[in-house]
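Chemist: So that we are looking at the same thing, I have put the structure below in structure tokens.
The values are calculated or read from the model by the stated rules, or taken from the named source; none is laboratory data. Please read all numbers here as calculations on a predicted model, not as lab measurements. Neighbour counts are summed over all protein chains in view; Cβ atoms, including those assigned to glycine, are modelled from backbone coordinates with ideal geometry.
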Amino acid sequence: MSGARRAPGTRWAGRDRGQTAIEFVGVTPLILLLLVAIWQCVLIGYTFSLAGNAADAGARAGAGDGGDGACAAAAREDLPGAWAGRAGYGCGSGGGPGMYGATITLNVPVLVPGVLDFPLAVHGRAAAVKEDRP
């Protein structure tokens with residue numbers, strides 16, 4: 001009777017008690033690792049969004065009478081502190097004839113913004129038509 005099934009209520013029925021707890025403890029690190037990976041993907045996407053938005057604001061500000069100083073100030077104003085501290089600002093070039101271009105370079109943070117940087121640089125580029133004042 002080694003392969004026979006035991007009837008509920010016999011002494012073998014409760015043998016697998018606690019199995020769910022053991023499986024949960026084994027899967028918990030995988031769930032946490034997945035959450036960290038998802039959070040890192042969110043930070044990468046958010047950095048792309050910030051770089052494009054800051055470059056657009058810088059190009060619009062620089063296209064007026066402000067020039068490079070206004071471009072960098074407008075781009076810096078648009079960025080949260082964790083990204084603005086180590087950002088690179090390139091204003092005035094790359095827009096083409098009659099255009100004012102801005103390039104913003106941001107480093108992607110790892111897990112917590114402002115603590116560590118991922119070795120990935122994100123470049124946001126934008127251009128605006130130069131405004132000629134009479």
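Chemist: Of all residues being in contact with a helix residue (DSSP H, G or I) (Cβ under 6 Å, 6 or more places away or on another chain) and without any contact (Cβ under 8 Å) to a residue 60 or more places away in the chain in the stretch 58-82, which is surrounded by the most Cβ atoms within 10 Å (Cβ to Cβ)? Just the residue, please. Steps first, please.
Modeler: So the first thing to find is which residues in the stretch 58-82 are in contact with a helix residue (DSSP H, G or I) (Cβ under 6 Å, 6 or more places away or on another chain), and the list is 58, 61-62, 70-71, 74-76, 78-79.
Checking which are without any contact (Cβ under 8 Å) to a residue 60 or more places away in the chain leaves us with 61, 70-71, 74-76, 78-79.
Working: 61: 25, 70: 17, 71: 28, 74: 23, 75: 31, 76: 17, 78: 19, 79: 19.
Top of the filtered list is 75.
Chemist: I would also like to ask the following. Do we have residue 56 as under 17 Å from residue 105 (Cα atoms) and charged (D, E, K, R) here? Before the answer, list the steps.
Modeler: Values: under 17 Å from residue 105 (Cα atoms): yes; charged (D, E, K, R): yes.
It is true that residue 56 is under 17 Å from residue 105 (Cα atoms) and charged (D, E, K, R).
Chemist: Here is a further query. Can you pull out the residues in the stretch 110-128 that are in a loop (DSSP other than H, G, I, E, B) and not hydrophobic (A, V, I, L, M, F, W, C)? Before you say what the answer is, go through the steps one by one.
Modeler: Narrowing the stretch 110-128 to residues in a loop (DSSP other than H, G, I, E, B): 110-116.
Correct list: 113, 114.
Chemist: A further question follows. Report, by residue number, each residue of the stretch 69-83 that is more than 18 Å from residue 47 (Cα to Cα) and not in a helix (DSSP H, G or I). If you could, list the steps in order and put the result at the bottom.
Modeler: Step one: list which residues in the stretch 69-83 are more than 18 Å from residue 47 (Cα to Cα), which gives 69-71, 73.
Correct list: empty.
To keep it simple, each residue is scored yes or no on (1) over 17 Å from the mean Cα position of the chain (by Cα); (2) farther than 18 Å from residue 132 by Cα; (3) outside any strand (DSSP E or B).
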position	(1), (2), (3)
40	no, yes, yes
45	no, yes, yes
49	no, yes, yes
53	no, yes, yes
66	yes, no, yes
107	no, yes, no
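Chemist: Okay, moving on. Kindly list the number of the only condition in (1) in contact with a Lys or Arg (Cβ under 6 Å, 6 or more places away or on another chain); (2) at pLDDT 90 or above that fails for residue 84.
Modeler: Checking residue 84 against (1) in contact with a Lys or Arg (Cβ under 6 Å, 6 or more places away or on another chain); (2) at pLDDT 90 or above, the one that fails is (2).
Chemist: With 51, 63 as the choices, which residue is of a type in the set (Gly, Ala, Ser) and at pLDDT 90 or above? First the steps, then the outcome.
Modeler: Numbers: 63 fails: at pLDDT 90 or above.
The conditions single out 51.
Chemist: While we're looking at this one, here's another question. Taking the stretch 87-113 on its own, how many of its residues are within 22 Å of residue 41 (Cβ to Cβ) and surrounded by 13 or more Cβ atoms within 10 Å (Cβ to Cβ)? So that I can check it myself, show each step before the final result.
Modeler: Restricting attention to the stretch 87-113, the residues satisfying the condition of being within 22 Å of residue 41 (Cβ to Cβ) are 87, 104-113.
Next, only the ones that are surrounded by 13 or more Cβ atoms within 10 Å (Cβ to Cβ) stay: 87, 104-110, 113.
Total satisfying the criteria: 9.
Chemist: Then there is this: Every residue in the stretch 84-105 that is assigned to a strand (DSSP E or B), free of Cβ contacts under 8 Å to residues at least 40 places away in the same chain and more than 16 Å from residue 51 (Cα to Cα), please. Spell out the reasoning first.
Modeler: Going through the stretch 84-105, the residues assigned to a strand (DSSP E or B) turn out to be 88-91, 99-105.
Still in the running and free of Cβ contacts under 8 Å to residues at least 40 places away in the same chain: 88-91, 99.
Scanning the stretch 84-105 gives a single hit, 99.
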